[in-house]
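Derivation of every value follows stated rules applied to the coordinates shown; laboratory data play no part. Every value quoted in this text rests on a predicted model; they were computed, and no experiment measured them. All Cβ positions, glycine included, derive from the backbone under ideal geometry; neighbour counts span all protein chains shown.
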């Protein structure tokens, strides 16, 4: 069974990685998919952390230039401040990013207007898989990420709600 501390660390890394997926949506705007670019603040009151302690604050900035995507995450939580930058491409290739000292691979696709980001690899000694589903509210002011975490024989579902700043 996965320890609560390891689950918290894995989910923190996943939250960082999820911010990266938002950038991919920008490149898809021409094809009618949502544009997730901008600065987003986590709304902890509207989110469901599946029993984990939410961060005190979390901001993610999404930038896109051609097929190159950059997401910058700043989070303050019970373990202190976390700053992360990850880079992706929008051409469908698998991309590897370092998340809290762990190399994780991500691949992005679409189901209509919902962006799907799959992230997998080893987090410490654990094989993990995260499936994030990104959707934008009709007014473009709310980003909702539903996440399924698989690891150590467990499945954990979370919902993260972000407000456009």
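Measuring from a point 7 Å past the Cα of residue 163 along Cα-to-C-beta, which residues in region 134-152 have an amide N at less than 18 Å?
136-145
Can you compute the modelled spin-label distance between residue 89 and residue 111, with each label point 7 Å from Cα toward Cβ, in nm?
In this crude label model, residue 89 to residue 111 measures out at 2.7 nm.
So what is the relative contact order of region 41-143, in percent, for Cα pairs below 8 Å that sit 6 or more residues apart?
Working: 167 pairs, mean separation 13.5, N = 103.
With pairs under 8 Å counted, the relative contact order is 13 percent.
With each label point set 7 Å from Cα along the Cα-Cβ vector, what nm distance links residue 79 and residue 148?
2.5
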